[in-house]
Amino acid sequence: MPRLLVVHHTPSPNLQAVLEAAREGAAMVEEAELIERPALSAGPADLLAADGVLLGTPANIGYMSGALKHFFDTVYYPCLDATVGLPFGVWVHGGDDTAGALRAITTITGALRWKQVAAPLSLTGAPSKDDLEAVRELAATVAVSLEDR
């Protein structure tokens with residue numbers, strides 16, 4: 001069964017609601033196993049055992065969370081060649097701007113040569129019903145893409 005790794009930093013009630021929507025979306029794809037790790041505890045072994053990854057982070061002062069950056073720093077060299085083509089998706093939540101965080105994540109995942117299988121989600125403010133539905137769709141899309149690996 002393909003494994004979808006969700007690596008997230010979830011320090012607020014808004015992000016908790018987003019994470020729960022991602023769980024619901026991934027659960028819609030029965031053929032995928034969901035593995036969830038907080039960004040500060042996820043490492044190379046988690047990533048190497050995954051068939052795809054879903055990233056979630058707040059935008060902090062125009063950048064991704066330090067926790068997600070730590071994850072990338074931890075996995076970059078050990079996983080650089082072994083994860084080429086890894087399907088991924090991402091959500092970023094901010095108070096008003098997520099552009100810097102998304103730009104940084106795009107740069108790093110590009111250097112890792114991962115394959116973006118869904119448009120990134122930029123969420124601001126309290127997540128609306130439509131925002132949470134978009135997160136469910138993102139998670140389901142990434143989970144479905146694992147069937148092709």
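The values are calculated or read from the model by the stated rules, or taken from the named source; none is laboratory data. This one's a predicted model, so the numbers in the text were calculated from it and none came from an experiment. Here the Cβ positions follow ideal geometry from the backbone for every residue, glycine too, while neighbour counts run over all protein chains shown. Protein only, heavy atoms only, side chains kept; ligands, DNA and RNA dropped before computing areas. Shrake-Rupley method; radii C 1.70, N 1.55, O 1.52, S 1.80 Å.
Report the Cα centroid-to-centroid distance between the range 26-75 and the range 97-114 in angstrom, as an integer.
After rounding, the separation between the Cα centres reads 14 Å.
Provide the solvent-accessible area of Asp73, counting protein heavy atoms only and rolling a 1.4 Å probe, rounded to the nearest 10 Å².
Its heavy atoms expose roughly 90 Å² to the probe.
Given labels modelled 7 Å from the Cα in the Cβ direction, how far is it in nm from Thr124 to Arg3?
3.8 nm
What order do Tyr63, Tyr76 take when sorted by accessible area (1.4 Å probe), most exposed first?
Numbers: Tyr63 85, Tyr76 60 Å².
Heavy-atom accessible area, descending, gives Tyr63, Tyr76.
Accessible area per residue, 1.4 Å probe, Å², for the range 67-110: what's the number?
On the way: 1780 Å² over 44 residues.
Normalised by residue count, the accessible surface of the range 67-110 is 41 Å².
Would you kindly derive the ³J(HN,Hα) couplings of the range 125-134 from the backbone phi angles with the Karplus curve 6.51 cos²θ - 1.76 cosθ + 1.60 (θ = phi - 60°), listing them in order in whole Hz, with x for Gly and Pro?
Using θ = phi - 60°, the values come out as x, 5, x, 7, 4, 5, 4, 5, 5, 5 Hz.
So in the chain, what percent of DSSP beta bridges are antiparallel if you round to the nearest 5?
Details: 2 of 25 bridges.
Within the chain, antiparallel bridges account for around 10 percent of the total.
I'd like the accessible area for Glu137: 1.4 Å probe, protein heavy atoms, all chains in place, Å² to the nearest 10.
100 Å²
With +1 on the Cβ of every Lys and Arg and -1 on the Cβ of every Asp and Glu, and nothing else charged, how large is the dipole of the range 61-149 about its Cα centre, in debye rounded to the nearest 20? Before the final figure, lay out the partial values.
Details: 7 positive and 10 negative charges, 47 e Å.
My answer is approximately 220 debye.
Would you mind putting 43-49, 124-130 in packing order, based on average other-beta-carbon counts within 10 Å, highest first? Don't skip to the end; give the middle numbers.
Numbers: 43-49: 15.4, 124-130: 11.7.
Top of the packing list down: 43-49, 124-130.
Can you tell me, using C-alpha contacts under 8 Å and at least 6 residues apart, the relative contact order of the chain as a whole percent? Could you put the intermediate results ahead of the total?
Working: 300 pairs, mean separation 47.3, N = 149.
Result for the chain is 32 percent.
Okay, helix-only estimate at 222 nm for the chain: each DSSP H run of n ≥ 4 adds -39500 (n - 2.57), divide by all residues, round to 500 deg cm²/dmol; what do you get? All intermediate terms of the calculation are to be shown ahead of the outcome.
Working: 5 runs with 65 residues, N = 149.
Value at 222 nm, helices only: -14000 deg cm²/dmol.
At a 1.4 Å probe radius, which order do Thr107, Thr141, Thr98 fall into by accessible area, largest first? Could you put the intermediate results ahead of the total?
Numbers: Thr107 90, Thr141 60, Thr98 5 Å².
I get Thr107, Thr141, Thr98, largest accessible area first.
Looking at the range 10-94, I'd like the Rg to Rh ratio, where Rg is from alpha-carbon atoms and Rh is Kirkwood's inverse mean 1/r. Numbers along the way, then the final one.
Details: Rg = 13.1 Å, Rh = 13.7 Å.
Result for the range 10-94 is an Rg/Rh of 0.95.
Of Arg136, Arg113, which has the most accessible area with a 1.4 Å probe, and how do the rest follow in descending order?
Working: Arg136 55, Arg113 110 Å².
Ranked list, largest accessible area first: Arg113, Arg136.
Quick check: at a probe of 1.4 Å, how many percent of the accessible area of the range 1-102 sits on carbon and sulfur atoms? Kindly include the intermediate steps, with their values, before the conclusion.
Numbers: 2320 of 4280 Å².
About 54 percent, which is the carbon plus sulfur part of the accessible surface.
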